[in-house]
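**Student:** Would you mind keeping the following structure in view while I ask a few things?
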Amino acid sequence: MHISPGMVAVVTGAASGIGRATAELLVRRGCAVALVDVDAAGLEATAETCRQASGRVSVHAVDVADRPQMEALPAAVVAAHGHVDLLFNNAGVALDGTIEELSLDDIRWLVDINLWGVILGTKVFLPLLRQRPRAHIVNVSSLFGIVGMPRNGPYCASKFAVRGWSESLWTELHGSSIGVTCVHPGGIRTNIVRNARVIDAAAHPSLMQEFEKVARTSPEHAAARILGAVERNRMRLRICPETVVLDWLKRLLPTGVQTLIARMARAAAAGPLSPPP
């Protein structure tokens, strides 16, 4: 489908990172955008940038893990824009710690946002997308939705689940007016690690330093790739060289890749490995 002026997009996680870059690019393409995030201050910053580009936006301070808030969101978006053509389920959080260390409450917090946010976004907006001649859903998974990484068990579980959800949805909607794309970013320069929950607060600075070493791709580049995938109706998009390499290695050596990662983690004294968005 061609992303054209007059289309309406809903972008979750729009306060920063890939979400903000996607919203700004959509506005430059002539789309109206409903900005969704729990970070009200960040949302206003995104909205201001979009308005400076003469974009038409609405701001929705919503927790994607909150079912009543999400169920009320479509009506608010329709009231502001009239319809919805594009849905970007992008909101996500990170959590550093081993499965043994992490509390069930912390695990549920992450899964509610990373997985249930995608599930709720899909369910509440799918009826509106059905009404459009062409529509598209983008669900953001991760490189960590392809390989399992130490100290990221809940994150990997949520992102693997987003991949499965997206592939099932794509299969069910195949041949319809609604396309589905699952995105697997690698190291993108976002605030996900800076805002992560960590078991060892003293290790947080080193966690960010490690992430900054591998986060070489800008959110703007990721956003451009995502919109390109929407227009080409691609089921799957891998962003960053490390995603492509590990994806192929995982296919060729599914057990061997996990063994290699385990050995690298031990060699680094089990240092934290930062999740891409």
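**Student:** Considering only strands (runs of 3 or more DSSP E) fully contained in segment 83-191, which possess at least 3 residues that are under 11 Å from the mean Cα position of the chain (by Cα), within 29 Å of Val27 (Cα to Cα) and not hydroxyl-bearing (Ser, Thr, Tyr)?
**Tutor:** Those strands (runs of 3 or more DSSP E) span 135-140, 178-185.
**Student:** Now a separate question. Only one residue in Asn139, Asn114 is of a type in the set (S, T, N, Q), out of contact with any Cys (no Cβ under 9 Å at 6 or more places or on another chain), free of Cβ contacts under 8 Å to residues at least 60 places away in the same chain and closer than 24 Å to Ala222 by Cα, so which one is that? Can you show your working first?
**Tutor:** Numbers: Asn139 fails: out of contact with any Cys (no Cβ under 9 Å at 6 or more places or on another chain).
Exactly one of Asn139, Asn114 is of a type in the set (S, T, N, Q), out of contact with any Cys (no Cβ under 9 Å at 6 or more places or on another chain), free of Cβ contacts under 8 Å to residues at least 60 places away in the same chain and closer than 24 Å to Ala222 by Cα, namely Asn114.
**Student:** Looking only at segment 1-18, which residues are part of a loop (DSSP other than H, G, I, E, B), of a type in the set (Gly, Ala, Ser) and either open to solvent by less than 10 Å² (accessible area, probe 1.4 Å) or under 21 Å from Ala45 (Cβ atoms) (or both)? Lay out the reasoning, then the answer.
**Tutor:** Filtering segment 1-18 down to residues part of a loop (DSSP other than H, G, I, E, B) leaves 1-7, 13-16.
Next, from what is left, pick out any that are of a type in the set (Gly, Ala, Ser): 4, 6, 13-16.
If the condition is that a residue be part of a loop (DSSP other than H, G, I, E, B), of a type in the set (Gly, Ala, Ser) and either open to solvent by less than 10 Å² (accessible area, probe 1.4 Å) or under 21 Å from Ala45 (Cβ atoms) (or both), then Gly13, Ala14, Ala15, Ser16 are the ones that fit.
**Student:** Something else now. Considering only residues that are assigned to a loop (DSSP other than H, G, I, E, B) and more than 16 Å from the chain's Cα centre (by Cα), look in segment 63-82 and name the one that is nearest to Glu231 (Cα to Cα).
**Tutor:** As a first pass, look at segment 63-82 and keep what is assigned to a loop (DSSP other than H, G, I, E, B): 63-66, 82.
Among the residues that remain, those that are also more than 16 Å from the chain's Cα centre (by Cα) are: 66, 82.
On the way: Asp66: 31, Gly82: 22 Å.
Filtering first and then ranking leaves Gly82.
**Student:** Please pick out the residue among Val64, Val77, Val59 that is open to solvent by less than 40 Å² (accessible area, probe 1.4 Å), of a type in the set (Val, Ile, Thr) and more than 19 Å from Phe160 (Cβ to Cβ). Don't jump to the end; show me each part of the working.
**Tutor:** Values: Val64 fails: more than 19 Å from Phe160 (Cβ to Cβ); Val59 fails: open to solvent by less than 40 Å² (accessible area, probe 1.4 Å).
Just a single option satisfies the conditions, and that option is Val77.
**Student:** Restricting the first residue to segment 193-205 and requiring it to be in a loop (DSSP other than H, G, I, E, B), which pairs with a second residue that is modelled with pLDDT under 70 meet a Cβ separation below 7 Å and a spacing of at least six or different chains?
**Tutor:** Final answer for the pair search is Val193/Leu207; Val193/Met208; Val193/Phe211; Val193/Ser274; Arg194/Met208.
**Student:** Follow-up. Has segment 156-179 got any residue that is under 29 Å from Ile99 (Cβ atoms), touching a Leu at 6+ places or on another chain (Cβ under 6 Å), at pLDDT 90 or above and crowded, with 16+ Cβ neighbours inside 10 Å?
**Tutor:** First, the residues of segment 156-179 that are under 29 Å from Ile99 (Cβ atoms): 156-169.
Filter once more, so that each one left must be touching a Leu at 6+ places or on another chain (Cβ under 6 Å): 158, 161.
In the following step, the residues that additionally are at pLDDT 90 or above were identified as 158, 161.
Remaining after also requiring crowded, with 16+ Cβ neighbours inside 10 Å: 158, 161.
Yes.
**Student:** Let me ask something additional. Return the only residue of Ala229, Ala224 being in contact with a strand residue (DSSP E or B) (Cβ under 6 Å, 6 or more places away or on another chain) and in contact (Cβ under 8 Å) with a residue 24 or more places away in the chain.
**Tutor:** Values: Ala224 fails: in contact with a strand residue (DSSP E or B) (Cβ under 6 Å, 6 or more places away or on another chain).
Going through Ala229, Ala224 in turn, just one is in contact with a strand residue (DSSP E or B) (Cβ under 6 Å, 6 or more places away or on another chain) and in contact (Cβ under 8 Å) with a residue 24 or more places away in the chain: Ala229.
**Student:** Filter segment 19-54 down to residues that are among the small types (Gly, Ala, Ser) and assigned to a strand (DSSP E or B) and give me whichever is nearest to the chain's Cα centre (by Cα). Let's see the steps before the verdict.
**Tutor:** Keep residues of segment 19-54 that are among the small types (Gly, Ala, Ser), which gives 19, 21, 23, 30, 32, 34, 40-42, 45, 47, 53-54.
Those still in the list that are assigned to a strand (DSSP E or B) too: 32, 34.
Working: Ala32: 20, Ala34: 16 Å.
If we take residues in segment 19-54 being among the small types (Gly, Ala, Ser) and assigned to a strand (DSSP E or B), then Ala34 is nearest to the chain's Cα centre (by Cα).
**Student:** Could you check Asp96 against (1) touching a helix residue (DSSP H, G or I) at 6+ places or on another chain (Cβ under 8 Å); (2) of a type outside the set (Gly, Ala, Ser); (3) modelled with pLDDT of 95 or more and say which number it fails?
**Tutor:** The single condition Asp96 does not satisfy is (3).
**Student:** When you scan segment 81-117, how many residues do you find that are basic (Lys, Arg) and in contact with a strand residue (DSSP E or B) (Cβ under 9 Å, 6 or more places away or on another chain)? Explain how you work it out, then say what you get.
**Tutor:** We begin by selecting, within segment 81-117, every residue basic (Lys, Arg); these are 108.
Retained after the next criterion (residues that are in contact with a strand residue (DSSP E or B) (Cβ under 9 Å, 6 or more places away or on another chain)): none.
Residues flagged as basic (Lys, Arg) and in contact with a strand residue (DSSP E or B) (Cβ under 9 Å, 6 or more places away or on another chain) within segment 81-117 amount to 0.
**Student:** Just to be sure before I move on: is Arg225 assigned to a loop (DSSP other than H, G, I, E, B), at pLDDT 95 or above, out of contact with any Lys or Arg (no Cβ under 8 Å at 6 or more places or on another chain) and of a type outside the set (Asp, Glu) in the structure I sent?
**Tutor:** Numbers: assigned to a loop (DSSP other than H, G, I, E, B): no; at pLDDT 95 or above: yes; out of contact with any Lys or Arg (no Cβ under 8 Å at 6 or more places or on another chain): yes; of a type outside the set (Asp, Glu): yes.
Criteria not met by Arg225.
**Student:** Let me ask something else. If we keep just the residues of segment 25-56 that are of a type in the set (A, V, I, L, M, F, W, C) and open to solvent by 60 Å² or more (accessible area, probe 1.4 Å), which is nearest to Ile3 (Cα to Cα)?
**Tutor:** As a first pass, look at segment 25-56 and keep what is of a type in the set (A, V, I, L, M, F, W, C): 25-27, 31-36, 38, 40-41, 43, 45, 47, 50, 53.
Those still in the list that are open to solvent by 60 Å² or more (accessible area, probe 1.4 Å) too: 38, 41.
Working: Val38: 27, Ala41: 28 Å.
Filtering first and then ranking leaves Val38.
The values are calculated or read from the model by the stated rules, or taken from the named source; none is laboratory data. Bear in mind that the values here come from a model prediction, so they are computed numbers and not experimental data. Glycine also receives a Cβ, built like all others from the backbone with ideal geometry; neighbour counts cover every protein chain displayed. Ligands, DNA and RNA are stripped out before the accessible areas are found, and what is left, the full protein with its side chains, is counted by its heavy atoms. Shrake-Rupley method; radii C 1.70, N 1.55, O 1.52, S 1.80 Å.
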